[in-house]
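Asks: Handing you this structure, nothing more for now.
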Amino acid sequence: MLHMRPATRCCVLAPRLDEAVAVVRVLSGDQVSLAEALARPQLHGLVIEGFGSGRIPSSWCDTLAAAVKRDLAVVLTSRTGAGAIGDPYGYDGSATSLLRLGLIPAHDLPAHKARLLLMLALGNGLRGEELRTHFAAVASASG
């Protein structure tokens with residue numbers, strides 16, 4: 001007999017992966033990695049591994065905003081290995097500004113786990129708000 005219900009509802013997805021997902025680690029002074037990743041043919045998803053709580057250089061913001069507008073699934077993670085995405089700042093390149101642009105927060109997931117989750121979700125045809133909702137439910141529950 002169950003006495004409690006799970007806090008979040010999450011569907012179980014079939015083991016289908018969309019491998020056209022790149023990971024870009026933000027590095028000081030790097031002007032090439034993002035462009036190289038976005039130039040990959042048939043790219044369906046991108047995981048950005050930002051500084052601290054998910055910050056990136058402000059020069060990347062317009063490029064990522066355009067990618068999101070083209071319906072590329074872009075997930076924001078932290079390269080620190082622990083801690084949630086988000087900050088109280090609003091400047092270009094802050095986690096708050098990136099989430100407003102439409103990037104999907106990875107919550108506590110590191111980049112390699114966020115990539116696998118994104119590959120699985122995309123492989124099962126999740127897009128748009130359905131992808132965002134599924135990602136939030138799984139990522140926040142699994143860290």
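Asks: Going out from 0 in 5 Å bins, what whole percent of all Cα-Cα distances in segment 1-125 drops into each bin?
Replies: Reading the bins upward from 0: 2, 11, 20, 23, 19, 11, 6, 3, 2, 1, 1, 0.
Asks: So, for the chain, what is the accessible surface per residue at a probe of 1.4 Å, expressed in square angstrom?
Replies: Ligands and nucleic acids excluded, the figure is 56 Å² per residue.
Asks: To continue, here is another question. Quick test of the membrane-span-like rule: which DSSP H helices of the chain reach at least 18 Å along their long axis (C-alpha atoms) with mean Kyte hydropathy at least -1.0?
Replies: Membrane-span-like by this rule: 128-142.
Asks: Shifting gears a bit: Running a GNM on the chain with Cα contacts under 10 Å, which residue among ASP30, ASP71, ASP92 ends up with the highest mean-square fluctuation?
Replies: Of ASP30, ASP71, ASP92, the most mobile in the Gaussian network model is ASP30.
Asks: Could you please state how large a percent of the accessible area of segment 66-143 is carbon and sulfur, counting protein chains only and using a 1.4 Å probe?
Replies: So the carbon and sulfur contribution to the accessible surface is 54 percent.
Asks: Right, next: Compare the Cα positions of LEU34, SER58, SER97 along the charge dipole of segment 8-103 (+1 at Cβ of Lys, Arg; -1 at Cβ of Asp, Glu; about the Cα centre) and return the one farthest towards the positive end.
Replies: Positive-end residue among those listed: SER97.
Asks: Using a Gaussian network model of the chain whose springs link C-alpha atoms within less than 10 Å, name the residue from ALA67, ALA39, ALA95 with the highest mean-square fluctuation.
Replies: Looking only at ALA67, ALA39, ALA95, the largest GNM fluctuation is found for ALA39.
Asks: Moving on. As a check on your grasp of the helix formula, calculate [θ] at 222 nm for the chain: sum -39500 (n - 2.57) over DSSP H runs of n ≥ 4, divide by the residue count, round to the nearest 500.
Replies: Per the formula, -10500 deg cm²/dmol.
The values are calculated or read from the model by the stated rules, or taken from the named source; none is laboratory data. Bear in mind that the values here come from a model prediction, so they are computed numbers and not experimental data. All Cβ positions, even for glycine, are placed from backbone atoms using ideal geometry, and neighbour counts span all protein chains on display. For accessibility, only protein heavy atoms count, side chains too; no ligands or nucleic acids. Shrake-Rupley method; radii C 1.70, N 1.55, O 1.52, S 1.80 Å.
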